[in-house]
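First the structure, in the form of structure tokens, and then the observations on it.
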Amino acid sequence: MTADSHALATVEHSPVAGLAHDQRGGISNPVLGMLLFITSEVMFFAGLFAAYFNARASNAPWPPTEFEHTLEPIGLILVATIILVSSSFTCQWAVNAIKRNDRKMFIRNISVTLVLGVVFLLLQGYDYTVLYGEGLTMTAGPFGTTYFTLTGFHGAHVFGGVIMLAVVVYRGMAGQFSDRHHDLVEAVSLYWHFVDVVWIVLYSVLYWL
Amino acid sequence: MSTSPRQRPSLDVVLAGAAVVGLVVIVVAVLLSQAGKTLYPPAAATDSAIEIRKLYDIVFAFAVAIFLLVEGLIVWSVIRYRRKPTDTELPVQTHGHNLLEVTWTVIPTIIVIILFVFSFNTLNVVDAVSPTPDVKIRAVAAQFQWTFEYLDSSGQKLFTQTVSTKDNGGGMAVPVGRKIQVELHSNDVIHAFYVPRFLFKRDVVPGMTNRFDFTVNADEAGQTFRGQCAELCGTGHRIMLLDVVAMTQADYDAWVEQMIAQANATPAPQPSGEPSVTLELTAKIAEFDKHELEAPADKPFAITLDNQDVPAIEHDVDIHDADGNVVFDEPHTVGGTSQTYLYGPLPAGTYTFICSVHPFPAMTGTLTVK
Amino acid sequence: MATHALTPAVTAGYRGGLYEWLTTTDHKRIGILYVINSFAFFFIAGLMALAVRAELAQPGLQLLTDEHLYNQLFTMHATLMIFLFIIPMLAGLGNFAVPLQIGAPDMAFPRINALSFWMLPLAGVLLLAGFVTGGAAAAGWTSYPPLTEDRPLASTGSGQDLWIVGVVLIGTSSILGAINFLVTIFKMRAPGMTLFRMPIMVWTMLVTSVLVMLATPVITSALIMLFIDRNLGGNFFDPATGGNAVLYQNVFWFYSHPAVYVMVLPAMGIISEVLPVFSRKPLFGYKAFVFATAGIGALGFSVWAHHMFTTGAVFLPFFALITFMISVPTGVKMFNWVATLWGGQLTFSTPLIFAIGFLTMFLIGGINGAFSAAVPVDFALHDTYWVVAHLHYVLFGGSVFGVFAGVYYWFPKMTGRLLDEGLGKIHFVLMFVGFNLTFFPMHMLGLAGMPRRIADYASSAGWNDWNLAATIGGFMIGASFVPFLWNVFVSLRNGKVAGDDPWEGNTLEWATSSPPPPYNFDHLPEIRSERPVFDLRHGREAGGSH
């Protein structure tokens, strides 16, 4: 007696895509893949943070005297933080909307998320110019190097997220998502929340600690 | 599996047994022979080395035992359990055995814990650093030479031994039977201070000061222990040699006095007079461009050294006589500069010109004076 | 009841020319591409090793009068072997085998699978480009700063930067591959294949993928920080500007130690497939294998500083203890493999012969590693040829012999043809003898005091004879490839047709044609144990309870 190969049973596009919705239930393949990818990105930032804490422990005073008041937590960077955190909320509302097939709210919220992400990047870029003006650059000792490496790679990840959000907005406006088909939206939202959490940690460590 | 009555062991069993015995015999024979000596480190020259050697011997004993056991089982199985034409039925399909699993987990765990305890005890002896050593030396590693600064008890420099190997009249001299403390300092990249007869090495890391103690065994007086840098440091890594020269206390004291005197002495008057001839020599990537030079006898002569290496690499051109004695000891030339060395008149004969900073392998040659 | 002999509409043999191969997303073809690409880099890196050995055969600089070239050769030898041979080779064999062994039609993300592969030849070109742009990376595959900082007498030049970019690219390819494997294994197993019925090969690919996913990003961070130091005026690792040289070593080895398990666990998986099939017995202690593999993976994250024992910057007792402990699960595996052979009926086909070679070589490699775990002994042995002996016994004697066991084992499934047994045995003998002649003397050389990474040595040091022996052995290893390559070419054309199941295998790949159709299976046998095809062939009673 041979078992029927379920692999060929439910087919909509190709035999492999059908497996994305495993009959066993649970999360879909793209969402699981994104969670694993996020895990690997967490480890990447872990390496950078290890370097940061090591540099901090080996170099006193920290911040160096010439940069004692350069990284002020209350200011432009706080505005940027609030914007990024808000964008996580709008992102999640978008996911909830498409899950109940409310396409209009989905498009609206995901577009707002995209815009907020872009605004964050612009604010960060402007903040960099302010810091440069105060002498904090990549070459300014371990303090400068670690600051720009950590925030720079975070910004790169935000940029990647913005690209992904743009794709979601585009495909959403083309009507490609529904309550039954929205793996990409879920995956991108998970990535966006990850980017947000990394920023909260960065902001707390670099500015407050 | 065979169901015939057991009268004598089958051929397979005999062969398998013979192979296992053969394995044991070969291993034991190698260990007991001359060749077997090469499986051990060289004779330990210091107190720490003796402790490390004892630890090595313990690990070695376990290693041989485990190898014979496991390899013996493999050899046995491979010969005893070959499939024969009579094997048509499947063998017994054993999936596992919990007691065996526990046994071969617990026993190795006990063995490694034993080895760890031995290691930990030895480590505490080897890594102990005394606040009051008898001799303090700062070994300075740079691309690509060693220099040794001898310090007094408060850390002040008494003199510098710039020549790192014995063949060129240098080396890190130490008295036997006394506690020596070496402090490691790097001028540039990571190096490593390694002396095989000490069974020991320690990295020289810029930005860090590593220290270690050792006492050379009393019966090693008069011996020279070769060493070299053991952490890749660039294109001259292979020539970063050093020697540790063990002396009796008396010889060492005399040597120290002499070195201090030299360090404090007013420099000998430079040979004066016009050089009869000025020879040209170029040093690049720790090599001279010429290995044969000629100079006239009984007249002063000069050698202009063009050091084409980077500033951190220094060279000089010393002259040794045929017996290896240093005839002229010249100051170093910094990389990127030229210096003209004026030598006094030499009687006719064959001499060696050599860079005392990089004596091996290529910074030397023959100076024929006639 | 016999296995159905399948007659799929697509005939055996790969249809489609170059375009099909270049654009394929079929895991079987991608796996074969990985294998071919990996062998190509094995060859290139092997030639570099032979150049090194030719230089070291005798004292004096004979062939490579430029020590800088020597440093490039051993740096690129190691880099290519690690990142473009062994890791992708095992990923490729896993790519071919895993979906088949779990009864899936392909990997979870076939296009990302193809992307992962094609990043590799590109990265290889970048790495090798250093040779023509003024010098490849020459600071060892470990690339320690400050030697790799951008300053005179250190590694100025684009070779080191190309190296960084190439390795980061390969790391990205690995991470994507790992995600692919994990989603495939967790989500696409055929009905009845519970986790504890998966072949051990799949388990080792699972744990390896977890290691890759968690560890590889860390070396990416280390190399990016090094790049920033070299090119953007960064201050991470150069003490002259407030950085910390040992920090790099910690971040680097945090990846590079788990990486050695990435380089060996799948090979152990292959051994765990081959030994049962050719002993006609199940793998002894299946569950123990699973736990030992997971244990090695977990412990493997805690031992990285044993590569740094001589820096003076490590908490020695902790790392020594865990390093000793990691030999316990490894030993458990060794004993279980031997117990699989014990009481079996061994057929000495080439896959089994390589597997047995693996057992002996890996045993030696594991034992000589224990010496280094004893920290004071490591003070004598670190950075000497002892370590070169150890790493080659585990990575060559272990992983490479495991790779060949897998290649001989799965070649019939990949191509539909059997490799010639006679040539396989000649290959093994030449490689086995050559390997031991090359690397066993390195134990003696390390003990006698010969450091690593030196282009030349003094004749007075007494190392001449062992170096000459090692060089002769090295060329023997090179020669052993001739019968292997000849075998492959001849068998592809005229080899005996393999049929579905030439070895009387245990696992699902033997339940379909050789090569399998694009969608892998027309029918899947019932899966009630870790040996579904064995059960099909012998009926469940003979298989024992499960």
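Got a sec to turn the phi values of the stretch C:329-338 into Karplus ³J(HN,Hα) couplings, 6.51 cos²θ - 1.76 cosθ + 1.60 with θ = phi - 60°, whole Hz, x for Gly and Pro?
Calculated HN-Hα couplings, in order: x, 5, x, 4, 4, 4, 5, 5, 5, 4 Hz.
For chain C, what is the calculated [θ] at 222 nm in deg cm²/dmol (nearest 500), taking -39500 (n - 2.57) for each run of four or more DSSP H residues and dividing by its residue count?
-21500 deg cm²/dmol
Rounded to whole Å, give me the distance from the Cα center of the stretch C:331-368 to that of the stretch B:67-118.
10
Can you sort A:Glu134, C:Glu55 by how many other beta carbons sit within 10 Å, fewest first? All intermediate terms of the calculation are to be shown ahead of the outcome.
Details: A:Glu134 13, C:Glu55 23.
By the 10 Å Cβ count, ascending: A:Glu134, C:Glu55.
Please work out the FRET efficiency for the pair A:Tyr207 and B:Thr109, using the Cβ-Cβ distance as r and a Förster radius of 35 Å; give the result to the nearest 0.05. Walk me through the intermediate numbers first.
Working: r = 48 Å, r/R0 = 1.36.
For A:Tyr207 and B:Thr109, the calculated efficiency is 0.15.
Once the dipole of chain C is set up with Lys and Arg at +1 and Asp and Glu at -1 on Cβ about the Cα centre, which of C:Met431, C:Asn231, C:Ile454 lies farthest towards its positive end?
C:Met431
Given H placed 1.01 Å from N in the peptide plane, which residues other than close sequence neighbours of B:Phe159 have an amide H under 5 Å from its amide H?
B:Tyr150
Cβ under 15 Å from C:Phe362's Cβ, C:Phe362 left aside: what net charge do those residues give with Lys, Arg +1 and Asp, Glu -1?
Spelling it out: positives minus negatives among the neighbours equals 0.
Treating only the Cβ atoms of Lys and Arg (+1) and Asp and Glu (-1) as charged, compute the dipole magnitude of the protein assembly as shown about its Cα centre; round to the nearest 20 debye. If you can, show how the numbers build up before the last one.
Working: 59 positive and 81 negative charges, 955 e Å.
It works out to roughly 4580 debye.
To the nearest 20 debye, what charge dipole does the stretch C:24-543 have about its Cα centre, counting +1 at the Cβ of each Lys and Arg and -1 at the Cβ of each Asp and Glu?
My answer is approximately 1060 debye.
Evaluate the relative contact order of chain B (contact order divided by residue number), counting alpha-carbon pairs under 8 angstrom at least 6 apart; express in whole percent.
Working: 689 pairs, mean separation 47.4, N = 370.
Relative contact order, chain B: 13 percent.
As I understand it, the dipole of the stretch C:159-289 uses +1 on the Cβ of Lys and Arg and -1 on the Cβ of Asp and Glu, about the Cα centre. Which of C:Gln249, C:Val277, C:Ala288 lies farthest toward its positive end?
C:Val277
What order do you get for C:289-299, B:55-65 when each peptide is scored by the mean count of other beta carbon atoms within 10 Å, highest first?
C:289-299, B:55-65
Spin-label point model (7 Å from Cα, Cβ direction): what's the B:Ser153 to B:Asn187 distance in nm?
Between B:Ser153 and B:Asn187, the label points sit 3.1 nm apart.
Can you give the FRET efficiency to the nearest 0.05 for B:Lys84 and B:Asn124, using r as the Cβ-Cβ distance and R₀ = 41 Å?
0.10
Here is the link list: C:Lys28/C:Lys281; B:Lys37/B:Lys179; C:Lys28/C:Lys187; B:Lys166/B:Lys201; B:Lys166/B:Lys370; B:Lys290/B:Lys370. Which ones come out longer than 25 Å on Cα distance?
Pairs exceeding 25 Å: C:Lys28/C:Lys281; B:Lys37/B:Lys179; B:Lys166/B:Lys370.
Taking every DSSP beta bridge that has both residues in the protein assembly as shown, what percent is antiparallel when rounded to the nearest 5?
Working: 54 of 76 bridges.
For the protein assembly as shown, the DSSP antiparallel bridge percentage is about 70.
Which is farthest toward the positive dipole end of the stretch B:135-264 among B:Leu158, B:Ile137, B:Phe212, measuring Cα position about the Cα centre, with Cβ charges +1 (Lys, Arg) and -1 (Asp, Glu)?
The listed residue farthest towards the positive side: B:Phe212.
Students often forget the sequence filter, so: which aspartates and glutamates lie under 14 Å Cα-Cα from B:Lys284 once same-chain residues fewer than 8 apart are removed?
Straight-distance partners of B:Lys284: B:Asp306, B:Asp309, B:Glu314, B:Asp316, C:Asp66, C:Glu67.
Would you kindly derive the ³J(HN,Hα) couplings of the stretch A:55-65 from the backbone phi angles with the Karplus curve 6.51 cos²θ - 1.76 cosθ + 1.60 (θ = phi - 60°), listing them in order in whole Hz, with x for Gly and Pro?
Computed from phi, the couplings for the stretch A:55-65 are 4, 5, 6, 9, 10, 10, x, 10, x, x, 4 Hz.
So what's the gap between the Cα centers of the stretch C:473-523 and the stretch C:99-153, to the nearest angstrom?
28
Where does helix A:103-133 land angle-wise versus the long Cα axis of chain A, in degrees 0 to 90, nearest 10?
20
Roughly speaking, what is the centre-to-centre gap between the stretch C:36-80 and the stretch C:388-440 when only Cα atoms are used, to the nearest Å?
21
Would you compute the Debye intensity of chain B from its alpha-carbon atoms alone, equal scatterers and no solvent, and pass along log10 I(q)/I(0) at q = 0.12, 0.13 Å⁻¹ to two decimals?
Ignoring solvent entirely, the Cα scatterers give -0.98, -1.09.
Applying 1/(1 + (r/R0)^6) with R0 = 25 Å to the Cβ-Cβ distance of A:Tyr126 and A:Val85, what FRET efficiency is obtained, to the nearest 0.05?
Working: r = 19 Å, r/R0 = 0.75.
After rounding, the FRET efficiency stands at 0.85.
In the stretch A:97-193, which trypsin sites (Lys or Arg not before Pro) are in a loop and have at most 15 other Cβ atoms within 10 Å, using DSSP for the loop call?
Hits after loop and neighbour filter: A:Arg100, A:Arg180.
All of the numbers you see were taken from the coordinates with simple rules; none came from a lab. All values derive from a computational prediction rather than experimental measurement. Virtual Cβ from ideal backbone geometry, glycine too; neighbours counted across all protein chains shown.
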